[in-house]
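Novice: Structure below; questions to follow.
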Amino acid sequence: MTRAVVFGYHNVGVRCLKVLLSQGIEIPLVVTHNDAPGETIWFDSVAAVAAEYEIPVITPVDPNAADIVSRVAAARPEFIFSFYYRQMLRGPMLALAPRGALNMHGSLLPKYRGRVPVNWAIIHGETETGATLHYMTEKPDDGDIVAQTAVPILVDDNAGEVFNKVTVAAEMTLHRVLPALMAGRAPRIPQLPGTGSYFSGRKPQDGVIDWMQSAVAIHNLVRAVAPPYPGSTTTINGALTRILQTRLVDPSASATTPTLAVEHGRLIAHCGGGGTLAILALEVGGRDIDPLAFATGLPQMLLLPSAQVT
């Protein structure tokens, strides 16, 4: 029976761990994270699934520490898999898997290497993304590609919806290629030097809206950071406001001074870079407020800030 140690977290970690178990892979050890204090935990638990199957679990602060490398070595893995584990595995750990150490990444590599690839793909207006299984090196998301599966990004999809699709794509990718991988017949497609792109993580303050951008760019930002992510923020009439959902009304409208107005029964933003947006959901002071109710009492046409720090 093939043995593998799994480093995993989040929904992708859960689904891919279950794929391995369903195909008879022996898993002597699962390495995962303790949930971070203050983080909204909206995803499933790898530790809970491992407990269901009576698999030993460890949650090291540093997975590359000497004692953790020794613990994984004692498990005698043929493969190491990383499924949305949040830390890089270094050379000594990767070397423990004689048949390969592989990672599942949430983009169509070589595009969107690095952190939060789903969010970045939406921000940049991509119409598809996916999941890629690839061999790990000490450079992020850089090793040979084994398999990948694409999913569409629809014009109003938010990050949670796209992430759910990527989770299914990850499960499908691993399920499809695992027999060939176990048999030693899986492809290895090199990522060409100089191709693709790297992106860093994002902070809540990166969600501040600049209304001088185009309606398309603002719409992409709103949906890329919509809950369960921190959301996009702005200041409207002095109130700190989270914009939770928008819809493009007329992306070709001329550039103008950014303003907010009620038009035809909807709260409409005229964007400085061109185009108009309907604001469908917003939050003030932690409370969801109907956009038209929020507009009651505001000036008939309200100037929107071009850029700010919240």
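Novice: So for segment 15-136, averaging the separation of alpha carbon pairs under 8 Å that are six or more residues apart and normalising by length, what relative contact order in percent results?
Specialist: Values: 134 pairs, mean separation 23.1, N = 122.
Once normalised by length, the contact order is 19 percent.
Novice: Given the alpha-carbon gyration tensor of segment 1-113, what are the semi-axes of its equivalent ellipsoid in whole angstrom, ordered largest first, with each equal to the square root of 5 times an eigenvalue? Don't skip to the end; give the middle numbers.
Specialist: Details: eigenvalues 76, 55, 50 Å².
Equivalent ellipsoid of segment 1-113: 19, 17, 16 Å, largest first.
Novice: Still on this structure, I have one more. Using +1 at the C-beta of Lys and Arg and -1 at the C-beta of Asp and Glu, which of THR129, ALA255, ALA101 has the Cα lying farthest in the positive direction of the dipole of the chain?
Specialist: Comparing the listed Cα positions along the dipole, ALA101 ranks first.
Novice: Please express the shape of the chain as an equivalent ellipsoid: the semi-axes are the square roots of 5 times the eigenvalues of the C-alpha gyration tensor, given largest first in whole angstrom.
Specialist: Values: eigenvalues 373, 77, 50 Å².
One finds semi-axes of 43, 20, 16 Å for the chain.
Novice: If you count only protein heavy atoms with a 1.4 Å probe, what accessible area per residue comes out for the chain, rounded to a whole Å²? Mind showing how you got there, number by number?
Specialist: Working: 13930 Å² over 310 residues.
Ligands and nucleic acids excluded, the result is 45 Å² per residue.
Novice: Quick one: work out the % antiparallel among DSSP beta bridges in the chain, nearest 5. Mind showing how you got there, number by number?
Specialist: Values: 38 of 55 bridges.
Counting DSSP beta bridges with both partners in the chain, the antiparallel share is about 70 percent.
Novice: A further question on this structure: Using a cut-off of 28 Å between alpha-carbon atoms, which lysines can reach LYS18, once sequence neighbours fewer than 8 places away in the same chain are excluded?
Specialist: LYS111, LYS139, LYS165
Novice: Further question: Give me the percent of accessible area attributable to carbon and sulfur for segment 1-147, probe 1.4 angstrom. Present the calculation step by step, with values, prior to reporting the outcome.
Specialist: Details: 3000 of 5900 Å².
So the carbon and sulfur contribution to the accessible surface is 51 percent.
Novice: Also, quick follow-up: Hey, got the dipole for segment 182-272? About the Cα centre, +1 on K and R Cβ, -1 on D and E Cβ, debye to the nearest 20?
Specialist: On the way: 8 positive and 4 negative charges, 103 e Å.
Dipole of segment 182-272, to the nearest 20 debye: 500 debye.
The values are calculated or read from the model by the stated rules, or taken from the named source; none is laboratory data. All of these numbers come straight from a predicted model, not from anything done at the bench. Positions of Cβ are backbone-derived with ideal geometry, glycine not excepted, and every protein chain shown enters the neighbour counts. Heads up: the accessible areas ignore ligands, DNA and RNA and are worked out on the full protein's heavy atoms, side chains in. Shrake-Rupley method; radii C 1.70, N 1.55, O 1.52, S 1.80 Å.
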